[in-house]
Amino acid sequence: MFEYLKQSWPTLWPTLGAIGVILAFVPVLGLYMTFIERKLAAYVQDRLGPNRVGPFGILQAIADAIKLFLKEQIIPDHVYTFLYFIAPTFSLMTAMFALVVMPFGPVPTEYTEGFRYIVAPGIDIGIMMMIAISSLSAYGIILGGWASNNKYSLYGAIRSCAQFISYEIPLGLSIIGIIAASGSLNIEQIVSSQGGAIWNWNIFWQPLALIVFFTSALAETNRLPFDLAECEQELVGGFHTEYGGIKFVLFFLAEYTHVVTVSFLTALLFFGGWHFPGLTGPVDANLGGMLLRTFVLVFKVTMVVGFIMLLRWSLPRFRFDQLMGLAWKGLIPLALLNFLCVAIVLTYDLPKHYLALTALFLVAGSMVSARHLQHTINRPRSEGRPATNVNLTESAI
Amino acid sequence: MNLLNNYFLNSAFFAQSGTESAVPTAVSQVVDSAVPIQAWTNSMLVPIVLGAVGYLFIQHGVVKSKAYFAAGAVAVLLAVGFALGFTPGTFDSYVLMAFCAVATGGGIGFLTAREPVYAALGFATAVLSVCGVLFMQSALFIAAATMIVYAGATIIIFLFVLMFAQQTELRTYDVQLNNPLVAAAIGAILLATITMCVTKNNAILPVRVDSTRVMSAASLPDSLSSEAGKEASKKLDAIDPNLRYVPKLTAGLGRSMYTDYLLAVELAGTVLLVATIGAIALAQRTTETQS
């Protein structure tokens, strides 16, 4: 065993280092995202926000963490103990495991010795692996909801479960266009295919894919426009009603990790990753260049995170049938439409920039589907709707 | 580490196979060090039959006491330890065995759990561990697909339904099978057949990618597969005809799925179509009865 470790150390330590970076940064990031979110919320609502602990309230996050960690651990009598403890752990585990194939800095497409900004480089199915693992994160929520043995928790869990399954479809479909255009599932390859001019960024060819992807990814994170799983007015706290202290922290951290993942994916797949005008071409091993690229990537990710946080205070929560309608009647047809355009362009070998025509399809398609959705949304709830499983769920809830 | 090694092996193999290098020998060594194919003995039937009998005992409520269960678990652990002591293994193979053990444990949990929800979780454990086994074999695509389809969607829907339909007390059909004897017999025969097919030489004829077919992934045009790649698959042929062409690009994957594995893909599509039609038919019937 020792011999084995000694032998494989040159390939082992970069991996362990990358795992260490993720393990160290994700909790701190989660902690400070709550702080930033509260500050942004205060800004949106014309308040001051947390400003008592430390300069500008910057230590508020740490104070919150200490309070949550030192809280008394209460285990309700009626819960299924084993699953009750497993659920938050599993939730965080899947959220962090999805980061395995995600580059958090510039990664060359050819493997090089030494530290690299990714845990598992050169995985040929990169993005698919990510979707596969994040599809498991429904387990944490559904187990938590069921193990709490509480009606409201169960309803929250089941809502989120239905939401997860529905929104996984547009999420996968929207990425297919990108994969077909860049010819690889590997995230590093997808990013390197966006090098060169700024017009090579995928957002300028496939804005429709961006919108579908971002919406459905937001739904997968269970954030506010889509947070029916923890709808306070109807379900107390949803699936985490019975959780407190550190177990609640784990659920919370998982949610913020999902936000980070979605932001990274958006930046990597659509906004050119670590490329920037004047900072293109293959990744060199030059330390300054690497740091600059990392900064560019992190800057883009921060922008997306900020956008997600502002969305939270701009949009009201969906009703359940609106949620399902958006996925099945809005996003899935749009994603298919986008894939059709990409397929046509690729099959007939048209210049790649013809794909910008999808912008026209975007306008036409969203207008049509928006009118369609308007019709369905404004229809009163009692008006004859076909009884499908989804509506059965909803009437039970 | 197996993953990374295989990645190196593959990339080195496909990159440099045009020139003479040591890589093909490395591949053939890997192939040689795998489990020998001719390993079938009739004594393999014994654990299968014993397993079936044990299952029947559990079903009839004979083995109820926890002491019996603990004794069984200890016996299994001893046997596994004994086997491991005599198996020359690397770190990879131990990880692989751990995944296999967890998969078996999940399967046992699935069979013996009293509550449907725990049974579904046992199934999920088994599926995820099988994904781990596939990862260890560098079968990344099929592992991810299994994860998405089975663990991520199918079992979640099982749980969904089970949690909704949960009763306060368990029904008899949750606890007891109607006909455990038939179930055990069918299971034992199936397991014996699979074991025989896997371990007996040429029980399953090797199915190869037909490289003469026009659209097959093995005969990709130069734009999609380099000369080196073709050379590599020829060399793989020479080493072991059971080795298949490994598509490097996503385009190659798509080609392979829609030519070499066309039948499987079409059958899966048909099953999904039938399921969709069935769902629509069921939903329609509900509407009629309601109105």
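The values are calculated or read from the model by the stated rules, or taken from the named source; none is laboratory data. None of the values given here were measured: they were computed from a predicted structure. Virtual Cβ from ideal backbone geometry, glycine too; neighbours counted across all protein chains shown.
Do we have any residue at all in the range A:144-157 that's more than 28 Å from A:Glu230 (Cα to Cα), in contact (Cβ under 8 Å) with a residue 40 or more places away in the chain and more than 9 Å from chain B (Cβ to nearest Cβ)?
No, because not a single residue in the range A:144-157 is more than 28 Å from A:Glu230 (Cα to Cα), in contact (Cβ under 8 Å) with a residue 40 or more places away in the chain and more than 9 Å from chain B (Cβ to nearest Cβ).
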Worksheet item: What tally of residues in the range B:132-161 results from selecting those that are among the small types (Gly, Ala, Ser), buried (at least 19 other Cβ atoms within 10 Å of the Cβ) and either at the interface with chain A (Cβ under 7 Å from one of its Cβ atoms) or touching a residue at least 60 places away in the same chain (Cβ under 8 Å) (or both)?
Response: 3
Discussion item. Whether any residue in the range A:90-99 is surrounded by fewer than 15 Cβ atoms within 10 Å (Cβ to Cβ), at pLDDT 85 or above and out of contact with any helix residue (DSSP H, G or I) (no Cβ under 6 Å at 6 or more places or on another chain) is what I want to check.
Written reply: no
Fill in: Residue count, the range A:195-209 (criterion: buried (at least 23 other Cβ atoms within 10 Å of the Cβ) and within 21 Å of the chain's Cα centre (by Cα))
4
Item to complete: Among what's in the range A:180-194 and is among the hydroxyl-bearing types (Ser, Thr, Tyr) and not in a helix (DSSP H, G or I), pick the residue that is surrounded by the fewest Cβ atoms within 10 Å (Cβ to Cβ).
Response: A:Ser193
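Against the definition (over 19 Å from B:Ala183 (Cβ atoms), modelled with pLDDT of 75 or more and among the hydrophobic types (A, V, I, L, M, F, W, C)), how does B:Ala101 come out, yes or no?
Taking the combined requirement at face value, the residue satisfies it.
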Fill in: Scan of the range A:264-318 for residues that are modelled with pLDDT of 85 or more, closer than 17 Å to A:Phe104 by Cα and aromatic (Phe, Trp, Tyr), ordered by number
A:Phe264, A:Phe270, A:Phe271, A:Phe295, A:Phe299
Fill in: Flag for A:Gly20 being more than 14 Å from chain B (Cβ to nearest Cβ) and at pLDDT below 85
no
Practice prompt. For the range A:26-44, name all the residues that are without any contact (Cβ under 8 Å) to a residue 24 or more places away in the chain and not aliphatic (A, V, I, L, M).
Written response: A:Arg38, A:Lys39, A:Tyr43
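Scanning the range A:22-52 for residues that are outside any loop (DSSP other than H, G, I, E, B) and of a type in the set (Lys, Arg), which turns out surrounded by the fewest Cβ atoms within 10 Å (Cβ to Cβ)?
A:Arg38
Which ones in the range A:53-78 are part of a loop (DSSP other than H, G, I, E, B) and charged (D, E, K, R)? Quick ask: steps written out before the conclusion?
Residues of the range A:53-78 that are part of a loop (DSSP other than H, G, I, E, B), as a first pass: A:53-54, A:58-59, A:70-78.
Passing the criteria: A:Lys71, A:Glu72, A:Asp77.
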